[in-house]
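Everything below concerns the one structure shown next.
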Amino acid sequence: MRISEYFSLPKVSSKSYKVWQRNKDVFMKDIKLNFLPPFLEPLLYLAALGFGLGRFVEDIDGVPYANFIAPALIAISVMYASFFECSYSSYVRMYYQKTFDAIIATPVTIEDVIAGELLWGATRSMINAAVMIPVIALFGLIDIRYALLIIPFAFLGGLLFAAIGMCFTAVTPNIMSINYPVLLFITPMFLFSGTFFPLSALPLPVQYFAIAFLPLTHIVNGIRLIGYGTLEPVLLFDLAWIIVVCAILLLVSINMMKKRLIV
């Protein structure tokens with residue numbers, strides 16, 4: 001596959017909505033179980049880190065530690081929800097359940113199937129954020145007046161990580177191999193993207209690397225700024241970075257998956 005083919009515009013139609021709808025219907029069958037993790041997760045993290053460890057941590061940039069990590073918890077959930085949905089879950093639907101084969105046998109194209117998967121991955125991130133926001137706002141850790149702006153931002157961030165997850169799904173030889181990007185890419189981002197401590201605590205080369213190459217850095221920063229109600233110009237930089245990288249990876253992920261499914 002030539003490099004230019006990775007960036008060719010896929011022929012995606014409105015039928016991708018049917019794929020999204022199919023995944024949504026499956027999700028709704030276990031809605032209570034699916035809503036439980038994003039509801040409990042912030043409570044556990046805030047209890048252990050925000051209000052537990054936070055008692056021994058000084059304010060960060062004039063902000064209590066619990067307030068500092070609360071927006072990051074939403075960003076982490078955005079990352080995990082869409083990445084795992086479009087890596088492990090998509091691989092199961094593609095390889096074990098043969099869901100992709102069944103859908104492609106209808107008038108829905110390969111591109112529509114992948115686009116629907118990506119949209120659903122982003123939707124999962126948005127759902128997680130929407131569930132977590134009221135929980136965190138209940139503790140007064142984010143500005144509720146701006147909190148609703150986090151939801152569309154979470155969808156965009158989820159779309160980015162959905163595309164990343166789909167790229168790995170396109171090249172992984174078996175489901176166990178997805179553990180490698182989780183270990184070598186997702187976990188480092190979880191730790192070094194300004195989540196539990198500010199980037200300024202890291203050496204300058206690591207700071208520059210995180211800003212240039214770690215998507216979670218921009219999602220954490222964006223949600224943190226929105227959650228604080230401080231819509232500073234740097235938010236536009238984070239938003240632009242996410243949009244540009246997301247657009248590139250969407251093209252790459254769809255074309256890579258198309259090649260895998262055709263072969």
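None of the figures in this text is laboratory data; all of them are computed from the coordinates on show. Treat the numbers as computed from the prediction; the structure is a model and nothing was measured. Cβ placement follows ideal geometry from the backbone for every residue including glycine, while neighbour counts extend to all protein chains displayed.
Couple of notes before you dig in:
- Its relative contact order, with pairs defined as Cα atoms under 8 Å and 6+ residues apart, puts the stretch 1-155 at 34 percent.
- Between ILE60 and LEU43, the contour length at 0.36 nm per residue exceeds the alpha carbon distance by 4.0 nm.
- Per residue of the chain, the DSSP helices (runs of n ≥ 4 H) give a summed -39500 (n - 2.57) that works out to -21500 deg cm²/dmol at 222 nm.
- Semi-axes of the equivalent ellipsoid of the chain are 33, 20, 16 Å, computed as sqrt(5λ) over the eigenvalues of the C-alpha gyration tensor in descending order.
- The phi torsions of the stretch 128-142, fed into the Karplus equation with coefficients 6.51, -1.76 and 1.60 and a -60° offset, translate into couplings of 4, 5, 5, 6, 6, 4, x, 5, 5, 5, 4, 8, x, 9, 9 Hz, rounded to whole numbers, with Gly and Pro shown as x.
- For LYS11, a cut-off of 21 angstrom between C-alpha atoms picks up these lysines, skipping any fewer than 8 places away in its own chain: LYS258, LYS259.
- For the chain, a crude dipole built from +1 on the beta carbon of Lys and Arg and -1 on the beta carbon of Asp and Glu, taken about the Cα centre, is about 880 debye to the nearest 20.
- In order along the stretch 214-221, the Karplus-derived 3J(HN,Hα) couplings, from 6.51 cos²θ - 1.76 cosθ + 1.60 at θ = phi - 60°, round to 9, x, 4, 4, 6, 6, 4, 5 Hz, and Gly and Pro are given as x.
- Cβ-based charge dipole, the chain, positive-most Cα from GLN97, ALA115, PHE192: GLN97
- Percentage relative contact order, the stretch 159-247, counting C-alpha pairs under 8 Å, at least six apart: 27 percent
- Amide H partners (placed H, <5 Å) of ILE60, local residues excluded: TYR65
- Cut-off 17 Å, label 7 Å out along Cα→Cβ of ASN34, residues of the stretch 134-158 by amide N: 155, 158
- Within straight-line cross-link reach of LYS32, aspartates and glutamates at Cα separation under 18 Å, skipping those fewer than 8 residues along the same chain: GLU41, GLU85
- Summary of the geometry: the stretch 1-53 and the stretch 63-140, compared by the centres of their Cα atoms, lie 1 Å apart.
- Contact order for the stretch 3-261, expressed relative to its length and based on alpha carbon pairs under 8 Å spaced 6+ residues apart, stands at 28 percent.
- Highest-MSF residue in the chain out of ASN174, ASN221, ASN23 [GNM, Cα springs under 10 Å]: ASN174
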